[in-house]
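Heads up: the structure comes next, in structure tokens.
The values are calculated or read from the model by the stated rules, or taken from the named source; none is laboratory data. None of the values given here were measured: they were computed from a predicted structure. All Cβ positions, even for glycine, are placed from backbone atoms using ideal geometry, and neighbour counts span all protein chains on display. Accessible surface is based on the protein model in full, side chains and every heavy atom, while ligands, DNA and RNA are left aside. Shrake-Rupley method; radii C 1.70, N 1.55, O 1.52, S 1.80 Å.
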Amino acid sequence: LSRYDGYKFINYTTANGLSHNLVNGIFEAADGNLLISENNGSIDVIQNNVIIKKAFKAASAVNSLGLHNNRLFITSDGDGLYEYTNDSIVLPLQQKINFPIGYFISIDDTLLLCSDLSKGIYLYNNDFTIRDSLKIPEIDFYAMVQDSKKRIWLCTGKGLRLIQFSSNKYP
């Protein structure tokens, strides 16, 4: 992991305290701290350019971090979604899945869109039940982003794909 401050790079590796050299995601918290999700399931915090090792360890790789309804969620390879709350990781009760969740986007206050890092996307309700899914066998999903116009783009092995939701598709 490298951080550029406008003048120089600061590198973070296992040699200077990072729990794992393969970083899957970065999230800037409201307090300015950076939460680093790592491939070994760890989440480290960088505070004032110093790595603070936390005792947070998921059962599998931690892929991304993000907000939904002002709650910080974490995606993982094997256990679905975790919630980061009160300096700990909690596995909320959720519909059991058999795929790694890569990225997610909060659609609105009631829906969460997740990619499964292989060939599908899933629309979750707030109670973590799956409302709908879309499988595209010939396409691998690598990331999802939402632009300033609230459009959702899927980053795939075959290029960018724009997905749209119809307001009559879900209440």
Express the accessible area of the chain per residue in Å², computed with a 1.4 Å probe while the remaining protein chains stay in the model. 55 Å²
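Tell me, what is the FRET efficiency for LEU162 and GLU138 to the nearest 0.05, using R0 = 22 angstrom and their Cβ-Cβ distance as r?
According to the calculation, E is roughly 0.80.
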Spatially proximal aspartates and glutamates relative to LYS158 (Cα-Cα < 17 Å; intrachain offsets below 8 disregarded): ASP116, GLU138, ASP140
Whole-Hz Karplus ³J(HN,Hα) for segment 26-38, in order, using 6.51 cos²θ - 1.76 cosθ + 1.60 and θ = phi - 60°, x for Gly and Pro? 9, 9, 8, 6, 4, 7, x, 5, 9, 9, 10, 8, 10
Share of accessible surface on carbon and sulfur in the chain, whole %, 1.4 Å probe and ligands ignored, is 51 percent
Cβ neighbours within 10 Å, averaged per peptide: list 9-20, 62-73, 29-40 in order, most packed at the top. 62-73, 29-40, 9-20
Label corresponding to Rg/Rh (Cα atoms, Kirkwood Rh) when calculated from the structure given, among (i) 1.00; (ii) 0.98; (iii) 1.07: (ii)
